[in-house]
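Inspection log for the structure reproduced underneath, given as structure tokens.
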Amino acid sequence: MRLHYFQETDGRYTALKPGPGAEVPEVAPGRNVDLDAADEVVGFDIDHASRKLDLTSIETAAWPIHTARCLKGDLSAQPTGENAAYRVRRASAA
């Protein structure tokens, strides 16, 4: 799973699995579900994300992994409790 933020459009996209979407129905104003050709959900898109979400941190609980990997150098990951719980936050916001 990957989270994407597009600053130029203030859009947040959660890719649940790789592959292209074939259909993108709007389920609520500014909220879209990305479906593949087999009608499986491949992602979620939220328009004007900074107006609707707290984008300063991402937190997981009971995630089935024991390590976190950050792809950008300006992010850090620290355990926040159980081995499978991590908080990923911009280093400047920590």
Practice task
Identify all residues within the stretch 18-37 that are of a type in the set (D, E, K, R) and farther than 24 Å from Lys52 by Cα; write none if there are none.
Solution key: Asp36
Exercise for the section: Taking the residues in the stretch 34-50 that are surrounded by 14 or more Cβ atoms within 10 Å (Cβ to Cβ) and more than 15 Å from His4 (Cα to Cα) as candidates, determine which candidate is farthest from the chain's Cα centre (by Cα). Expected result: Asp36
Completion exercise
Within the stretch 1-33, of all residues that are charged (D, E, K, R) and either closer than 12 Å to Phe44 by Cβ or in contact (Cβ under 8 Å) with a residue 24 or more places away in the chain (or both), the one surrounded by the most Cβ atoms within 10 Å (Cβ to Cβ) is Arg12
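Just so you know, all these numbers are worked out from the coordinates, no wet-lab data involved. Values in this document were obtained by computation on a predicted structure and should not be read as measured data. No Cβ is skipped: glycine too gets one built from the backbone with ideal geometry, and neighbour counts run over all protein chains shown.
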